[in-house]
Structure formats: structure tokens, C-alpha cells
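J.: Okay, handing you the structure first.
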Amino acid sequence: MVVGAAGDTSCVALLWFLTFGVIEKPVSLAGLVTVAVVIAAVKIGAAPPAAQILPALPKGRSAEYAFLAVSIIGAIITLQTLPRFGHESQFSL
């Protein structure tokens, strides 16, 4: 368990002391490699068809899923319109 604690500490130290650009480049590269692997798998036919990857809605519960989707979208819109620190005067009622 000491290794896990040391790894957590080093991750926090990296995030604290490094600039955003240094952290962003490896993450962007990992995303690019992931996209390249997916495209290569589709080209050679190793990837399953999209119909097998995408989830299907259970029958008879479409109203619950529609309510959930509307709730999530409403929460996102609400968070985007809340006053930010230092900008409260723009949103006076």
C-alpha cells in the first residue's frame, strides 16, 4: 500500500508544480493514439459493428430516460447561468 500512497503523492506534486502545457501534451498524445488505434481497428475489420457498441434503451422505459436526459440538460444550463465570483452585478434581478 505504500506504493499507492507514493504514487498519489507524486501525482499531486506533478499537478501542483507543473504548468498546464506540460500536463496537457501527454494527455493529448494519449487521446491521439487512442483515436488512431480505433481507426486502424475499423480499417482492418477488427472492431465490432457500431450496432454492437452503442447501448440500446430498454423497452417500456423511454419516459424515464427522457426525464433523466431533460434533467441533466437543465442542470448543465443552470450551472452555466449561475453568477461567477466577481460578476454578481451582471445577474441582478
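Read the figures in this text as sums done on the coordinates, not as results from a lab. Note that the structure is a prediction, hence the values are computed from the model and not measured.
J.: Give me a comma-separated list of calculated 3J(HN,Hα) values for segment 17-34, in order, Karplus coefficients 6.51, -1.76, 1.60 applied at θ = phi - 60°, integers in Hz, x for any Gly or Pro.
T.: 9, 8, 7, 5, x, 5, 7, 5, 4, x, 5, 5, 5, 4, x, 5, 5, 4
J.: Ok, one more. Assuming a ≥ b ≥ c are the square roots of the Cα gyration tensor eigenvalues, decide whether segment 2-88 counts as rounded (a/c under 1.5), prolate (otherwise, with a/b larger than b/c) or oblate.
T.: Because a/c hits 1.5 or more and a/b fails to exceed b/c, segment 2-88 counts as oblate.
J.: Using modelled amide H (1.01 Å from N, peptide plane; none on Pro or chain starts), what sits under 5 Å from the amide H of Ala47, excluding residues fewer than 5 places away?
T.: Val42
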